[in-house]
Structures are given as C-alpha cells and as structure tokens.
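The structure appears below as structure tokens.
The values are calculated or read from the model by the stated rules, or taken from the named source; none is laboratory data. These figures come from a predicted structure and were not determined experimentally. No Cβ is skipped: glycine too gets one built from the backbone with ideal geometry, and neighbour counts run over all protein chains shown. To get the accessible areas, we keep the full protein, side chains included, count just its heavy atoms, and leave off ligands, DNA and RNA. Shrake-Rupley method; radii C 1.70, N 1.55, O 1.52, S 1.80 Å.
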Amino acid sequence: MKIQVKAEVLKLRHTFTIAHGSSDERVNLVVGLEHEGRVGWGLAAPNPRYGETPESCKAALLAMARELQGDPRAYEPLISSLLRNHEGEFAAKAALDMAIMDLAGKTLDAPLYRIWGLDPAGLSPTSMTIGMAAPEQVAQRAQEAAGFHVLKVKLGSADDHALIEAIRSVTQVPIRVDANEGWHSREHAIREVEWLAAHNVELVEQPMPASAIEDAVWLKQRSPLPLIADEAFTCNADLLSMGEAYHGVNIKLMKCGGTLMAREAVTLARGLGLQIMLGCMVESSLGIAAAAQLAPYADYLDLDGNLLICNDPFRGHAVIDGFLKLNDAPGLGASPLT
Ligand code: MG
C-alpha cells in the first residue's frame, strides 16, 4: 500500500479555552492509503496531553506504513499487527486504522456500520461544545447552539458558576460539564457536582486529575450525577480500574488507536457496566466520520470537533437538528473537498 501524509492546520471558530489551556488552531495529519486504485482516508489529531506532536505522529505513520501489505478486507490482522508492533502514538495508529477501514468499506461497497451490523437510526443527540470565555460570550454561544438538544460546557476555572448561570439565562437544555481535570480537591469537586445537579446538568466529565484515582472512587460514591472518565481513560488496559471510579468512559479513536480498539473498548466497558460516551478531539469531518460509524453504540454522543472549525477540508456526515445523520457512502463516508 502506498501512503501519503499531509498536515492540515484547522482554524477554530472561537479561541478554544479549556482547563488545560487555550488555542486558535490545531494540526491534523491526513493519511491517504492507496490500494488497487482506491484511496482510503485516515486522520490523526496528535495531542500533547498524551505525549504526541505532529512530528512524532508523522514519523510513526511513516514507520508503520512500511509494514502495511495485504488485503484491506482482512482488516483485523492488518490493524492488530500495527497495534502490537508499535508503542504509543495512538493518533497515528487511529489514522492508519481509519484508512484501512475506509479501504475495506470501499472494497466491500458498504459503510462500516453496515459491515458491523449496526443500525444507524435512532442515535442519541450529539452535543455542541462551548469553551471557557467571559459569561456574556458563553451565553451568546449557547444561543448560537439553539439547534442542539444538549450542550457540553468546559469548566474548571474560578468562574464556573457564572458560566452555568449565563447559559441558564438563555436556555434550559441539558448541559454536560467537562472539567478537564480542573478541580483539584475532592471537597471542591463534590461541592461543584452537587451545585451542577441542581442546574439541569446531565453528567460531569473528568472532574479531577486523571491520576487522582482514590479521589475519583470517593467522588463516585457521593456524586448525584454520572461521572465520565476522559483523560483518565486512554487505552483499554485502563478500563479495569475505571469501574470503581467512574460511571462511564469517553471513548475517542485518537486515544484508543482507531475503530478496532474503540469497538473492543465498547465491549469491555459494557461488560464492566460502564456507560459509553463517544467523543473526539478538534478534528475535521474525516475523523468525525470514522467515529460516527460507532455512534449506534453510544449512550452519549459528543462528535462536534468538525463544527468547531471554519476551514474543514473534508465533507462527511451531516448534523441535522442536533442529530447526526449517517450517510450511506461506502467506508467512512467522508471525502476531501479538493
Ligand atoms: Mg473531555
């Protein structure tokens, strides 16, 4: 298989601020994998939180691609050997998994959700994310997101209550809160969760630092809201420790290393009685299209990374009235605009 790798700088519509920091753009690496006249597309959104840079990601992509040969319809052994033979660099693994699965779907002439026997109808609503900003800006963004049935709000600053009150002054839709590890004591965290429960908040994602597992166990025993692990849950080896500390996990292709591992995570998480959130990084419609193939598995959908950017280089699945509508194109269902 022949590989091409291209860096794409995605511009964010609004400066994106979360408890970890602020940014105006993100770099995605787009992979085109060519096999017998077809091109399979894949996307890597390397994340410094997990020790990845665009440079380390590109080097990993090129090293892994050298081993790629075989029939993409036999995707399982192809992807498994990539995962087994290389350490870390999960975004690069995700991109190659996507490109192989796109090729598999195109060769079999079916969307992945069909190959996996999933029903694309009746998906749960997807949330629209609002980053941290001044309360009046946050209220304005909540108004702009009027078509969505659920909002995801980034907290973890000294202004948390003001932001929620600003949103509640313009809408009563359910809110999912993502603290991005921003609350540093369990006493602070439980106070916040209790306050949020009284403001039509549906769940809280990653309230405390990922490493604070004992605090997470303490918090779960007291929390009136479901607590979802994001930064604390990276790859599937972490899952066994999640059951005691969280009610659910946020599964992202970029953390798991692609669709194959994400499907394994779904099975493992369900076996542990955990709820499933399907999430994303800031990604173009290509990455979202790959995650969307798994949408029927999710209790909570958070696939809006492409809606946060203003120069999306791909077209994929539409979001209509706050619901993801999966198209029936073979493979991932995304194609480049140029
Ligand atoms: Mg999160």
> Roughly how many Å² is the accessible area per residue of the chain, as a whole number, for a 1.4 Å probe?
Replying inline: 40 Å²
> Which whole-angstrom value gives the distance between the alpha carbon centres of the stretch 1-36 and the stretch 193-208?
Replying inline: 31 Å
> Which percent, to the nearest 5, of DSSP beta bridges fully inside the chain are antiparallel?
Replying inline: 55 percent
> Viscosity 1.567 mPa s, temperature 4 °C: Stokes-Einstein D of the stretch 79-211 from its Kirkwood Cα radius, in µm² per second?
Replying inline: 73 µm²/s
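How would you order 183-191, 52-60, 113-121, 303-311 from highest to lowest mean count of nearby Cβ atoms within 10 Å?
303-311, 52-60, 183-191, 113-121
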> Rg and Dmax of the stretch 14-72 over Cα atoms: what are they, in angstrom?
Replying inline: 15.0, 46
>> With n ≥ 4 as the cut-off for DSSP H runs, can you work out [θ] at 222 nm for the chain, using -39500 (n - 2.57) per run divided by the number of residues, rounded to the nearest 500?
In response: -10500 deg cm²/dmol
> What ranking, highest mean first, results for peptides 192-202, 15-25, 226-236 when packing means the other Cβ atoms within 10 Å averaged over each residue?
Replying inline: 226-236, 192-202, 15-25
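Against the empirical 2.2 N^0.38 Å scaling, what ratio does the C-alpha Rg of the stretch 2-108 come to? Could the numbers behind the result be given before it?
Working: Rg = 14.8 Å, N = 107, 2.2 N^0.38 = 13.0 Å.
So the stretch 2-108 has a normalised radius of gyration of 1.14.
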>> In whole percent, and with a 1.4 Å probe on the protein chains, what portion of the accessible area of the chain is carbon and sulfur?
In response: 50 percent
> In a Debye calculation with equal point scatterers on the alpha-carbon sites of the stretch 154-289 and no solvent, what is log10 I(q)/I(0) at q = 0.16 Å⁻¹?
Replying inline: -0.82
> If we count every other residue with Cβ under 14 angstrom of residue 193's Cβ, Lys/Arg +1 and Asp/Glu -1, where does the sum land?
Replying inline: -3
> Amide H of residue 283: which non-local residues (sequence gap of 5 or more, or other chain) have their own amide H closer than 5 Å, using H built in the peptide plane?
Replying inline: 305, 306
> Tell me, what ³J(HN,Hα) does each residue in the stretch 321-336 have, in order and in whole Hz, if you take phi through Karplus 6.51 cos²θ - 1.76 cosθ + 1.60 with θ = phi - 60° and put x for Gly and Pro?
Replying inline: 6, x, 10, 6, 10, 6, 6, 10, 5, x, x, 7, x, 10, 9, x
> In whole Å, what is the distance between the alpha-carbon centres of the stretch 155-174 and the stretch 52-70?
Replying inline: 42 Å
> When the Cα centres of the stretch 226-269 and the stretch 286-305 are compared, how far apart do they sit, in Å?
Replying inline: 14 Å
> With all pairs of different alpha carbon atoms counted, what Kirkwood hydrodynamic radius in Å does the stretch 210-328 show?
Replying inline: 14.9 Å
> Rounded to a whole number, what is D in µm²/s for the chain from Stokes-Einstein with the Kirkwood radius over alpha-carbon pairs (25 °C, 0.890 mPa s)?
Replying inline: 122 µm²/s
> Which residues does a label at residue 4 reach in the stretch 21-58, if reach means a backbone N under 14 Å from a point 7 Å past the Cα toward the Cβ?
Replying inline: 30-35, 37-42
>> Per residue of the stretch 7-20, what does 6.51 cos²θ - 1.76 cosθ + 1.60 with θ = phi - 60° give for ³J(HN,Hα)? Whole Hz please, x for Gly and Pro, Karplus curve as stated.
In response: 7, 10, 8, 8, 8, 7, 4, 10, 3, 9, 10, 10, 4, 7
